[in-house]
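Asks: Pasting a structure below so you can have a look.
The values are calculated or read from the model by the stated rules, or taken from the named source; none is laboratory data. Just so it is clear, the model here is predicted, and its values are computed rather than measured. Cβ placement follows ideal geometry from the backbone for every residue including glycine, while neighbour counts extend to all protein chains displayed.
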Amino acid sequence: MTESKRLFNFSSGPAVLPVPVLERAQKELLCLPGVGASVMEISHRSKEFEPIINGARANIRTLLNIPDSYDILFVQGGALLQFAMIPMNLLTGKTADYVVTGTWSKKALSEAKLLGNTRVTWDGNDTGYRRKPCDDELNITNDSAYVYICSNETIEGVQYQVFPNTGEIPLICDASSDIFCRPIDITKFGLLYACAQKNLGPAGVTVVIIRRDLIERSVNNIPSLLNYKKISEAGSMLNTPPCFAIYIVKLVTDWLLNDIGGLEKMYEINKEKAALIYSVIDDSGEYYKTHADKKFRSIMNIPFRLQSDELDKKFLTEAKEAGLITLSGHRSVGGLRASIYNAMPKEGVITLRNFMLDFAKNNPYNRRG
Ligand SMILES: Cc1ncc(COP(=O)(O)O)c(C=O)c1O
């Protein structure tokens, strides 16, 4: 019989969800309390679904301390559709500045290029996308429509420690792989968005937090479902929203607020978890190597390599046997990657740490061959 034991899952996304969330969803799968049907079987316009979508919105507002001057939208199409919706709605006739710090911001730029005028205000390509720029390296002009950044490059494992100061120019941020990993000052951003399948819930919904004055910029000659203004006016229900995914976002944000105790606490836990892995890497005498410069290392995604592809493969195989799964790097860069999102328990990180220590001891590189 196939075993159905949960293993420690280091997938970059869709990624691990908190066990209490899965247990609650399992309990309510056949029947939401007092409703007589599951969340997948009721109308999105019913009075039963209302507290779910409103609750998810309210939780997000509380967690990030979002003022009323921002709306919170639930949209579909993943982060990739935001790469297009942002220029479609906000690029109106001007030029947008893109800060290219890795695979995902590069991809966002290439989509925006299809839709309007863009300028690359910084590109880390020359140094292999190992760091984020400082403010004085950014060449932002006063007439820019917006400045686009990716707060955490999931593939390269590079994360902003301090966000750029763009003054009056709206700062737009893809926070898909690090939303809710730490407290942030949302008022620094014109728009911040995240696909759900890393730190928020299952794939299928994307959360867009947008300043209301920017919503007004949306032009009329784009399809309704791509128009922030129309989505906002319809309370994210222009059509049937992904009800189940929104329900899980509600449960995940309940968990962050009630079980974890908010983002300050989550941040402390995340820093501690990341340090457990980075310290093994740093103390390994270059047996393990990370990609990012130390100052810009991500606390969510840790790409690393051993001394050879062969050793990487051996590591993956043995890790899997030890119950540590999905540790391979992105197909574009290879190597290994440990994604340690909010829901990855400390126990999982400690198990990986011990595995890494043992592996290095049992497979000394310079004695090979
Ligand atoms: C930072 C970032 N942006 C965008 C994406 C693309 O997300 P989606 O598959 O929802 O379009 C990902 C997915 O891994 C990501 O990590």
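Asks: Of the numbered conditions (1) modelled with pLDDT of 95 or more; (2) surrounded by fewer than 20 Cβ atoms within 10 Å (Cβ to Cβ), Val99 fails exactly one; give the number of that condition.
Replies: With respect to (1) modelled with pLDDT of 95 or more; (2) surrounded by fewer than 20 Cβ atoms within 10 Å (Cβ to Cβ), Val99 is out only on (2).
Asks: Further, regarding this structure: Would you confirm, using the coordinates I've provided, whether Ala112 is closer than 20 Å to Phe83 by Cβ and touching a Lys or Arg at 6+ places or on another chain (Cβ under 7 Å)?
Replies: The answer is no for Ala112.
Asks: Tell me, yes or no, whether the stretch 270-280 has at least one residue that is in the same structural domain as Pro33 (by TED's automatic domain parsing), more than 16 Å from the ligand (Cβ to nearest atom) and either without any contact (Cβ under 8 Å) to a residue 12 or more places away in the chain or more than 21 Å from the chain's Cα centre (by Cα) (or both).
Replies: No, the stretch 270-280 has no match at all.
Asks: Suppose we filter Tyr228, Tyr193 for residues that are of a type in the set (Phe, Trp, Tyr) and within 12 Å of the ligand (Cβ to nearest atom); which single one remains?
Replies: Details: Tyr228 fails: within 12 Å of the ligand (Cβ to nearest atom).
Testing whether each residue is of a type in the set (Phe, Trp, Tyr) and within 12 Å of the ligand (Cβ to nearest atom) leaves just Tyr193.
Asks: Restricting to the stretch 7-45, count the residues that are surrounded by 12 or more Cβ atoms within 10 Å (Cβ to Cβ) and either within 26 Å of the chain's Cα centre (by Cα) or not β-branched (Val, Ile, Thr) (or both).
Replies: Summing the residues that are surrounded by 12 or more Cβ atoms within 10 Å (Cβ to Cβ) and either within 26 Å of the chain's Cα centre (by Cα) or not β-branched (Val, Ile, Thr) (or both) in the stretch 7-45 gives 27.
Asks: Return yes or no: is Arg61 closer than 23 Å to Lys229 by Cα and free of Cβ contacts under 8 Å to residues at least 12 places away in the same chain?
Replies: yes
Asks: Kindly indicate the residue of the stretch 65-90 that is within 16 Å of the ligand (Cβ to nearest atom) and β-branched (Val, Ile, Thr) and also farthest from the chain's Cα centre (by Cα) among those meeting that condition.
Replies: Result: Ile86.
Asks: Exactly one of these conditions fails for Ser110: (1) crowded, with 16+ Cβ neighbours inside 10 Å; (2) within 16 Å of the ligand (Cβ to nearest atom). Give me its number.
Replies: The single condition Ser110 does not satisfy is (1).
Asks: Scan the stretch 231-259 for residues that are surrounded by fewer than 19 Cβ atoms within 10 Å (Cβ to Cβ) and aliphatic (A, V, I, L, M) and jot them down.
Replies: The answer is Ala234, Met237, Leu238, Leu257.
Asks: Consider only pairs whose beta carbons are under 8 Å apart and that are at least six residues apart or on different chains; among these, list those whose first residue lies in the stretch 125-138 and is among the acidic types (Asp, Glu) and whose second residue is part of a loop (DSSP other than H, G, I, E, B).
Replies: Filtered contacts from the stretch 125-138: Asp135/Pro164; Asp135/Asn165.
Asks: Please pick out the residue among Gly235, Gly201 that is within 20 Å of the chain's Cα centre (by Cα) and not aromatic (Phe, Trp, Tyr).
Replies: Just a single option satisfies the conditions, and that option is Gly201.
Asks: While we're here: Restricting to the stretch 156-179, what's the tally of residues that are away from the ligand (no atom under 14 Å from the Cβ), outside any strand (DSSP E or B) and of a type outside the set (Asp, Glu)?
Replies: First, pick out the residues of the stretch 156-179 that are away from the ligand (no atom under 14 Å from the Cβ): 161-171.
With the extra rule that they be outside any strand (DSSP E or B), the set shrinks to 161-170.
Within this subset, residues satisfying the condition of being of a type outside the set (Asp, Glu) are 161-167, 169-170.
Qualifying residue count for the region: 9.
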